[in-house]
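Please treat every number below as a calculation from the coordinates, not as lab data. Predicted model only: the values in this text are computed from it and were never measured. Note that we place each Cβ from the backbone using ideal geometry, even for glycine, and neighbour counts take in every protein chain shown.
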Amino acid sequence: MPSRDQFEEPAMQGIAVALLSEDRDRLTLLRQRVENTPLGRIVFSHAVFPSAVTDPILRQIQDLRAEVVVVDIDPARPQRSIQVIELLKASTNDLAIFAVGELDQPQLIVSAMRAGACEYLERAADATSLQNALTLFAASRMRVKNATGRARVYTFLNAKGGSGATTIAVNTALALQENHGSTVLVDFALVGHTALHLNARPSFGLLDALQNLHRMDAALLEGFMTTCKRDLHLLAAPAQVTPLTPTPSELARLFDVLVAHYQYVIVDCSSRSDEIGRMVCDLSHQVMLVAQTDVVAL
């Protein structure tokens, strides 16, 4: 049985990660790698592999609601790790398995993926590869929630400034609200103009929501919204140019809250082409690139 010190203190946000390795030094390195990503939080780690379906380790991983299990592959004994991946895949539901091993053994990579791993990460890499894998997992999870919960996230981008993404986003949001209801318009533009289009004067908006994610609930979310014509809800951009620096986990958390309370989430990213724009696109059901019939836009 794992001792109590193998259970990690849960965090408020982030993807719940469990770590498995038969090498305690490797387990420490994996823990450091997860802690160096803003997206993951460790809920369980153990230096012994589960050996059967009835192994208590499997139940503890599920009881702690782990979403990702990272399995370390010892190059001297790779088959043991492959068997663990097969066991995890066969014994758990909705659990993503990340294998961590050597990249110079293509057959091992193929075996790990066939056994059930959805990611294969380099054993000697830093936290960047794990962060990228967790970001892709968060985006995939969001798309699944959108599909099962009927919520839809549509993002509008300009091919160049002034192509009309804001106008189309506003009109799309108004049309969805009028015909289906339960629609929110989120302004992620560098300089937001959705409030001007809707003749609204927001008191709160996107910046306030991002700063208060740790205590976000339905009532607080509604307080940050501006109700516009046709009862469309607007989560407005700041009135002045304000740098936004949300982490991938914060953006994922924000969209989790939005899709839980609305049927349609319309995002105006306008000409934003930075990391935030890329992350928003990853979290979207569909991305609309608005262009014009000129060389610059095309």
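Hydropathy first: keep DSSP H helices in the chain averaging at least 1.6 on Kyte-Doolittle, then drop any whose Cα extent along the axis falls short of 18 Å, and list what survives.
Details: long enough: 78-91 (20 Å, 0.04); 127-149 (32 Å, 0.08); 165-179 (21 Å, 0.49); 248-261 (20 Å, 0.65).
Going by DSSP H runs, there are no hits.
Any idea what the dipole of segment 198-298 comes to, in debye rounded to 20, about its Cα centre with Lys/Arg Cβ at +1 and Asp/Glu Cβ at -1?
Dipole size: approximately 220 debye.
Using label points projected 7 Å from each Cα along Cα→Cβ, tell me how many nm separate His180 and Asn93, to one decimal.
Rounded to a tenth, the inter-label distance reads 2.7 nm.
When a/c is below 1.5 the answer is rounded, else prolate if a/b is larger than b/c, else oblate, so apply that to segment 150-290 with a ≥ b ≥ c taken from the square roots of the Cα gyration tensor eigenvalues.
Cα axes put segment 150-290 in the rounded bin.
Quote the relative contact order of segment 105-210 in percent (integer), defining contacts as alpha-carbon pairs under 8 Å separated by 6+ residues.
After rounding, I find 12 percent.
For segment 4-141, build the charge dipole from Cβ charges (+1 Lys, Arg; -1 Asp, Glu) around the Cα centre, then report which of Asn93, Ala76, Gln131 sits farthest towards its positive end.
Looking along the dipole axis, the top candidate is Asn93.
Tell me the Kirkwood hydrodynamic radius of segment 4-141 in angstroms, computed as one over the mean inverse distance between distinct C-alpha pairs.
Result for segment 4-141, one decimal place: 14.7 Å.
Any idea what the dipole of segment 36-149 comes to, in debye rounded to 20, about its Cα centre with Lys/Arg Cβ at +1 and Asp/Glu Cβ at -1?
Around 380 debye, computed over segment 36-149.
Between Leu103 and Arg123, what length in nm is gained on full extension when 0.36 nm per residue of separation is reduced by their alpha carbon distance?
6.4 nm
Would you list the P(r) distribution for segment 79-223, with all Cα-Cα distances sorted into 5 Å bins from 0 and each bin expressed as a whole %?
2, 7, 12, 12, 15, 12, 9, 9, 9, 8, 4, 1, 0
Report the full-extension gain for the segment Arg201 to Ser51: residue separation times 0.36 nm, less the Cα-Cα distance, to one decimal in nm.
Extra length available between Arg201 and Ser51 comes to 47.9 nm.
Placing unit charges on C-beta atoms (Lys and Arg positive, Asp and Glu negative, everything else neutral), compute the dipole magnitude of the chain about its Cα centre in debye, rounded to 20.
Around 580 debye, computed over the chain.
Express in % the proportion of alpha carbon pairs of the chain at distances exceeding 31 Å.
Tail fraction, whole percent: 39.
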